[in-house]
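Following: one structure in structure tokens, then a few remarks.
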Amino acid sequence: MAAAEPAVPALLSSGGVGAAAPPSGTVPVLFCFSVFARPSSVPHGAGYELLIQKFLSLYGDQIDMHRKFVVQLFAEEWGQYVDLPKGFAVSERCKVRLVPLQIQLTTLGNLTPSSTVFFCCDMQERFRPAIKYFGDIISVGQRLLQGARILGIPVIVTEQYPKGLGSTVQEIDLTGVKLVLPKTKFSMVLPEIETALADIPGVRSVVLFGVETHVCIQQTALELVGRGIEVHIVADATSSRSMMDRMFALERLARTGIIVTTSEAILLQLVADKDHPKFKEVQNLIKASAPESGLLSKV
């Protein structure tokens with residue numbers, strides 16, 4: 001790895017923030033974004049993903065998620081920043097920066113089966129009595145999973161602490177899903193799921209639904225967008241214990257540029273054409289309108 005810029009040790013060891021020695025097993029890193037520079041540390045051996053997570057934790061409120069970014073490392077050999085080498089791992093004190101590309105990307109929301117994965121989040125038995133309109137969102141969730149099977153779309157399912165909160169409800173048919181994973185983290189973005197996504201070629205979009213809207217759904221969506229994946233949240237297949245939490249979360253996510261939509265819109269967008277060989281099967285799923293699950297209380 002390239003040696004660090006001479007100024008970095010002074011910044012990390014002069015009084016105030018960064019004066020204390022870093023915890024054992026971590027490496028000091030200076031994180032730069034725009035006009036800002038903040039000393040912090042990462043575990044020894046941290047790679048690109050952990051650096052991105054640290055940038056988001058330090059500057060998340062200032063990063064425009066609709067842009068693509070490049071992570072660069074200061075190389076003393078050249079006296080300037082260079083693009084982070086492939087397979088880079090932090091092994092010694094260094095200075096990195098996050099550089100936004102000049103072209104701002106527009107979120108179009110196009111969906112194709114070959115580039116889409118469905119995420120079903122924590123639709124578990126113990127949530128049944130607490131989540132508003134739980135029966136409705138189970139019904140819509142099952143409709144979505146049927147559509148995924150018809151169209152050959154991979155499905156990833158998580159269960160929040162199933163030892164205490166139970167398994168996915170029986171009404172949700174998990175036949176043929178790619179992965180069912182227990183978790184304690186609120187976000188579905190776990191190392192095993194990131195590996196599963198990497199094994200699916202050409203993934204651009206995630207269709208996300210489950211509970212709770214303002215916790216696991218929201219945190220999953222924000223982490224996925226931070227990794228450059230377009231997220232579609234199915235409003236009629238996600239809910240919370242409180243309608244206030246649910247509606248404010250959907251509004252916040254929509255303002256972030258995440259696409260908030262409905263189950264019927266998703267399924268018909270994926271089919272795209274009346275002449276699609278699977279159109280009749282999908283049409284049978286949506287002949288009866290999906291339940292409104294309290295969403296029209298806003299209208």
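The values are calculated or read from the model by the stated rules, or taken from the named source; none is laboratory data. No experiment lies behind these values; they were computed from the predicted model shown. Virtual Cβ from ideal backbone geometry, glycine too; neighbours counted across all protein chains shown. With ligands, DNA and RNA removed, areas are computed over all heavy atoms of the protein, side chains included. Shrake-Rupley method; radii C 1.70, N 1.55, O 1.52, S 1.80 Å.
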Qualifying GluC sites (Glu not before Pro) for region 240-299 [loop in DSSP, other Cβ within 10 Å: at most 10]: none
Structure-based [θ]222 nm, the chain - -39500 (n - 2.57) summed over DSSP H runs of at least 4, per residue, nearest 500: -8500 deg cm²/dmol
Rounded FRET efficiency, nearest 0.05, which uses the C-beta distance separating Val99 from Lys287 and R0 of 51 Å: 0.50
Residue-normalised accessible area of the chain, given per residue in Å² at a 1.4 Å probe: 49 Å²
Three semi-axes of the equivalent ellipsoid, region 145-265, Cα gyration tensor, whole Å, largest first: 20, 18, 15
Charge tally in the Cβ shell below 12 Å around Lys183, where Lys, Arg are +1 and Asp, Glu are -1, Lys183 excluded: -1
Thr256-Gln80 FRET efficiency (beta carbon distance; Förster radius 30 Å; 0.05 resolution): 0.35
Interatomic Cα distance distribution for the chain, bins of 5 angstrom, percent: 1, 5, 11, 14, 15, 14, 11, 9, 8, 6, 4, 2, 1, 0
Whole-number D in µm²/s for region 26-100 (Stokes-Einstein; Kirkwood sum over Cα pairs; 20 °C, 1.002 mPa s): 172 µm²/s
Positive-end residue, the chain charge dipole about Cα centroid, Cβ charges, pick of Gln72, Pro291, Gly109: Pro291
Close Lys-Lys pairs in the chain, where close means Cα under 25 Å and separation is 8 or more or interchain: 21
Exposure ranking of His232, His44, His276 by accessible area [1.4 Å probe, largest first]: His44, His276, His232
Dipole moment magnitude, nearest 20 debye, the chain about Cα centre, only Lys, Arg, Asp, Glu C-beta charged: 280 debye
Beta bridges per DSSP with both ends in the chain, % antiparallel, nearest 5: 40 percent
Fully extended contour minus Cα-Cα distance, from Gln62 to His276, at 0.36 nm per residue: 72.8 nm
Rounded tilt (10° steps) of 134-151 against the dominant C-alpha axis of the chain: 80 degrees
Cleavage-rule hits, trypsin sites (Lys or Arg not before Pro), region 130-202, DSSP coil, Cβ neighbours within 10 Å at most 15: Lys185
Cα→Cβ-extended label distance, 7 Å offset, between Ser242 and Arg204, nm: 3.8 nm
Computed label-point distance, nm, for sites Glu192 and Arg38 using a 7 Å Cα→Cβ extension: 3.1 nm
Nearest-20 debye value, region 26-100 charge dipole, Cβ charges on Lys, Arg, Asp, Glu: 100 debye
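Going through region 54-98, which GluC sites (Glu not before Pro) have at most 12 other Cβ atoms within 10 Å and a DSSP loop state?
Those that pass, being in a loop and sparsely packed, are Glu77, Glu92.
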Residue among Gly202, Ala272, Leu179 farthest towards the positive dipole end of region 116-286, charges placed on Cβ: Leu179
